[in-house]
Amino acid sequence: MKVGFIGLGNMGSAMAENVLRAGHELIVYNRTRSRAAELEKAGAKVAGNPAMAAPTEVVITMLADDAAVEDVVFGANGIINSMPRGGVHVSMSTISVALSERLTKEHEEHETRFVAAPVFGRPEAAEGGSLFIVAAGAKDAISTCEPLFGLLGQRTFFVGEHPPMANVVKLSGNFLIASMIESLGEAFALIRKHGVDPNAYLDLLTNSLFSAPVYKTYGSIIAAGKYEPVGFRAVLGLKDIRLALQAAESKTMPMPVASLVHDRFLEVIAKGMADADWSSIARIAVEDAGLKAA
């Protein structure tokens, strides 16, 4: 399959490498060209602009935010006018429901197909092809993408034929993770104030009621107070919670916990940690408790 891949950050570079390793013809684009160097050495073609990566069966975008996606799709060298009729654009970014609605409409008008397929997982999961993919779009477009999804993730969840459905599921999931990080931060601060060993507490949590991988991953980070390497930046966590709140407001729905977590991210960023891992919101609970870092 001929595949375009746009966006070679911590997640995208590993995902693109998995596509290339499987033998697909790959054209990549990244705003900072140096990020494409290793893939070029491995056999990928490097496009000079997004439009040059679009004349493919499938073009994947894995970008930071709405603004980046809008520029790549609708900008002067955007993909929307360069995709072949019937081609598929797969947005694997975490974007707003409103932008997903616009992408769905614009692709229909250009006789191209749009699939929203955001992912759950940190960079190490992207590298290992073990992401969880949430996909929504027309069934024929999903079928076209399934071989690629099989390379990028351990399981794909189909949530509907209207692409924005996948985006709201992804935003809801990131809200749950962020609120879990906040709760873990508070819980670890509480037990430390009472002299309980955080590692013993982590062992109890993750081998009893909270054995899910997400608790093990973030519980280990918080127990050790080790917030590096950065898997997902705090500024992007703030963006995702803001988008979840926007999606809720569009349906006249309150999300009081999301509002609290939103302010926690603002506090982290105000303290100069915009580029720290988003689990750094747990540090605020440590500070509030008058504790030193673990």
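For segment 240-257, how many residues meet the condition of being surrounded by fewer than 19 Cβ atoms within 10 Å (Cβ to Cβ), part of a helix (DSSP H, G or I) and either in contact (Cβ under 8 Å) with a residue 60 or more places away in the chain or among the β-branched types (Val, Ile, Thr) (or both)?
2
Out of all the residues in segment 51-110, which are in contact (Cβ under 8 Å) with a residue 40 or more places away in the chain, out of contact with any helix residue (DSSP H, G or I) (no Cβ under 8 Å at 6 or more places or on another chain) and among the aliphatic types (A, V, I, L, M)?
Matches in segment 51-110: Ala53, Ala54, Ala68.
Those residues that are outside any helix (DSSP H, G or I) and either among the hydroxyl-bearing types (Ser, Thr, Tyr) or crowded, with 24+ Cβ neighbours inside 10 Å (or both), I need them from segment 161-190; list them, please. Even if it seems obvious, please write down each step before you answer.
Initial filter on segment 161-190 (outside any helix (DSSP H, G or I)): 161-163.
Within segment 161-190, Pro163 is the sole residue that qualifies.
Tally time: how many residues in segment 8-30 are under 22 Å from Glu57 (Cα atoms) and part of a loop (DSSP other than H, G, I, E, B)?
Looking only at segment 8-30, we keep the residues that are under 22 Å from Glu57 (Cα atoms), and these are 8, 11-30.
If we keep only those that are part of a loop (DSSP other than H, G, I, E, B) as well, we get 8, 11, 22-24, 30.
Residues that pass the stated criteria total 6.
May I ask you to list pairs of residues, at least six apart or on different chains, whose Cβ atoms are under 6 Å apart, with the first in segment 21-48 being outside the structural domain of Glu146 (by TED's automatic domain parsing) and the second being in a loop (DSSP other than H, G, I, E, B) and not charged (D, E, K, R)?
Filtered contacts from segment 21-48: no entries.
Return the only residue of Met165, Met180 being under 30 Å from Gly225 (Cβ atoms), modelled with pLDDT of 95 or more and under 19 Å from the mean Cα position of the chain (by Cα).
Numbers: Met165 fails: under 30 Å from Gly225 (Cβ atoms).
Going through Met165, Met180 in turn, the sole match is Met180.
Conditions (1) in the same structural domain as Glu106 (by TED's automatic domain parsing); (2) in contact with a Ser or Thr (Cβ under 6 Å, 6 or more places away or on another chain), marked per residue:
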| position | (1), (2) |
| --- | --- |
| Ala125 | yes, no |
| Gly128 | yes, no |
| Val134 | yes, no |
| Ala138 | yes, no |
| Ser172 | no, no |
| Leu176 | no, no |
| Ile181 | no, yes |
| Gly195 | no, no |
| Asn199 | no, no |
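The values are calculated or read from the model by the stated rules, or taken from the named source; none is laboratory data. Please read all numbers here as calculations on a predicted model, not as lab measurements. Virtual Cβ from ideal backbone geometry, glycine too; neighbours counted across all protein chains shown.
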